[in-house]
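Novice: My structure is below; once you've seen it, I'll send some questions.
The values are calculated or read from the model by the stated rules, or taken from the named source; none is laboratory data. Small disclaimer: the values here were computed from a predicted structure and weren't measured. Cβ: placed from backbone, ideal geometry, glycine included. Neighbour counts: every protein chain shown.
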Amino acid sequence: MLVSESETVAQVVASAFPAGQNNEISENAGSFKALNGTARNLAFKHDLVIFEIDPCDAGEVLAVKDLLTHRQDDTLFVALTQNDVSISVARELRKIGIDEVLPLSIDEDGLKAAVAEKISSRSLPQGYIQNGPSALGTVIPVAKSRGGIGASTVAVNLASSLAGGKGSFLRKKAKSRVALLDFDLQFGNANVFLDLEDNGGCLQLIENQEEPDDHFLTSILQNHTLGMDVLCAPAPLVPLQSIRPGLIEGMLDLLQRRYDYVVIDLPCAVVEWVEPIFKRANQLALVTDTTVPCVRQTRRLIDFYREANVALPVEVVVNRERKTMIKPAHVREAEKVLETKLKHWLPDNPKIARNAVDLGRPIVDMKPHSDLGKALTKLAASMSEGTRPATRKTA
C-alpha cells in the first residue's frame, strides 16, 4: 500500500516491487488524515505500507500514531520523509510504531534492501539477533605501517571481494552485505578507487552532535554497483581528532547488525577513536613491506592494537613484494620480530594498480585473473574463512 501524492515516489516503489514478481501495489490518498476512518481497514490488509510523512504536520503524525495503536498483525510500516530530518525527529517517529524511517531521496535498491532487512529481522529470534558474537557482523580494520603502503588498495579490494563483486546483495550473485568505511580522514581516497564522489556523509557524521541511527546511516552511505555500501572520507581537510569515540561505538552498533562485514580503512596515526574499532575487531589486516623501519613500526602497532583487544588476530599483508621459494634472511628476521609467519604477499604490479586507480575500479573486478588480482582475492578468502556470519544480520 502506497500513501503518497508524489509520482517520483510511486515510480521508486513500483521499481522496487515490480508486478512481475507477484507484487500488488495499491495507491491511495496523499495522507492518512485524508483516509479518515478507512485507513485502518486498508492498511492492515497489506503486508507493507509505504507513506510520506512531514514530522511538522502534527495532524498527520497523530493520525499515523492512532492507526498504529490498533496494530495487531505483521504489516510493515515504512515512512519516507525529508532528507535533512534530524536524528532525534526520526527517533520520535519510530517511537510511535513506525518500523523504518527513510529519506525521500532513497532509490529503489535502497528501499528494497531496507524492507528486506526488516522482514529478515522478524524471521529470526530476537535473542539470536541481539546476543552472541555470531549474531553480529565481522569488523575488519585495515591499518598501515606507513603512508603510501597501499592499505586503501587492500581495503577497497577486500570489501569488493567479500561483497561478491558485481552481484550486489540485492542480486542473485550476492554473497555478503558489506560496508566500507574510509576513516583516513585527511588522506582517504577509497572513493577514487571506486569512482565515487564524496556526498558529504562523513562530514555530516563529524558535525552531528547526536548518535547516528538507521535513517542517518542510510542517508550518508553510498551504494556501489559492486555490492558494497561506502562511507567516503571527507573532501575538506579535517582534524584527526574530529570523531568522538562514542560516535564510533554507536555507528558500529548499527553497522554490525546490518552488515555481514564492516571493512574500515584507518589513518596512519594513533588516535583515541580507533580504540572502539579494535575492541570490536574480529581480524586486523596490517599492510607493510619488509624494510626495517616498516617492520619495526608494524611490531609497535600490533602491540598497541592488542592493548584494546588482546586476542585480536593480526594478518600481516606484505605489499609490492612477491613471495619467494626460499626465504631471504631479512624475511626470516621480520617473522622473528613480528612473531608470525608472513603468508600474505601482494606482488608488485604497478601497471595494473595504476590502471585500476585511473579507471576507478577495484583490481579484483578489473583484472581478477592477474597475479595481483588473484593475490587480493586469496587474501579476502583467507580473512573471511572462519569468520563468515552464520546468518543474515538485521538493522
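Novice: Residues in segment 11-33 that are in contact with a helix residue (DSSP H, G or I) (Cβ under 8 Å, 6 or more places away or on another chain) and within 14 Å of Leu111 (Cβ to Cβ): how many?
Specialist: 6
Novice: Any chance segment 326-347 includes a residue that's of a type in the set (D, E, K, R), over 26 Å from the mean Cα position of the chain (by Cα) and over 20 Å from Arg299 (Cβ atoms)?
Specialist: No, segment 326-347 has no match at all.
Novice: Could you please give the count of residues in segment 224-265 that are in contact with a helix residue (DSSP H, G or I) (Cβ under 7 Å, 6 or more places away or on another chain) and either among the aromatic types (Phe, Trp, Tyr) or without any contact (Cβ under 8 Å) to a residue 12 or more places away in the chain (or both)?
Specialist: Here the count works out to 1.
Novice: With Leu359, Leu372 as the choices, which residue is of a type in the set (A, V, I, L, M), in contact (Cβ under 8 Å) with a residue 60 or more places away in the chain and closer than 25 Å to Asn191 by Cα?
Specialist: None of the others qualify; the one that does is Leu359.
Novice: Could you list, in sequence order, all residues of segment 358-387 that are among the hydroxyl-bearing types (Ser, Thr, Tyr) and over 18 Å from Leu342 (Cβ atoms)?
Specialist: Hits for segment 358-387 are Ser370, Thr377, Ser384, Thr387.
Novice: Could you count how many residues in segment 268-313 are without any contact (Cβ under 8 Å) to a residue 40 or more places away in the chain, aliphatic (A, V, I, L, M) and farther than 12 Å from Ser145 by Cβ?
Specialist: 7
Novice: How many residues does segment 218-262 hold that are over 20 Å from Glu272 (Cα atoms), hydroxyl-bearing (Ser, Thr, Tyr) and either part of a helix (DSSP H, G or I) or in the same structural domain as Ile119 (by TED's automatic domain parsing) (or both)?
Specialist: The number of residues fulfilling the criteria is 2.
Novice: Of everything in segment 112-150 that's among the hydroxyl-bearing types (Ser, Thr, Tyr) and assigned to a helix (DSSP H, G or I), which residue is modelled with the highest pLDDT?
Specialist: Across segment 112-150, the extreme among qualifying residues is Ser120.
Novice: Picking from Val89, Val85, which residue would you name as being in a helix (DSSP H, G or I) and either in contact with a helix residue (DSSP H, G or I) (Cβ under 7 Å, 6 or more places away or on another chain) or outside the structural domain of Pro212 (by TED's automatic domain parsing) (or both)?
Specialist: On inspection, the qualifying residue turns out to be Val89.
Novice: Show the residue pairs that are 6+ apart or on different chains and have beta-carbon atoms under 8 Å apart, the first residue being within segment 76-87 and over 18 Å from Arg40 (Cβ atoms), the second being assigned to a loop (DSSP other than H, G, I, E, B) and among the polar types (S, T, N, Q).
Specialist: Final answer for the pair search is Leu80/Ser4; Asn83/Ser105; Ile87/Asn208.
Novice: Which of (1) within 26 Å of Ser145 (Cα to Cα); (2) surrounded by fewer than 24 Cβ atoms within 10 Å (Cβ to Cβ) does Leu254 not meet, given it meets every other one?
Specialist: It is condition (1) that Leu254 fails.
Novice: Restricting attention to segment 314-338, which residues are in contact with a strand residue (DSSP E or B) (Cβ under 7 Å, 6 or more places away or on another chain) and surrounded by fewer than 14 Cβ atoms within 10 Å (Cβ to Cβ)?
Specialist: Arg322
Novice: Still on this structure, I have one more. Just for segment 366-376: of the residues that are over 25 Å from the mean Cα position of the chain (by Cα) and assigned to a loop (DSSP other than H, G, I, E, B), which one is surrounded by the most Cβ atoms within 10 Å (Cβ to Cβ)?
Specialist: Taking the candidates together, the pick is Ser370.
Novice: When you check Asp265 against the structure, is it modelled with pLDDT under 90 and among the charged types (D, E, K, R), yes or no?
Specialist: No, not satisfied.
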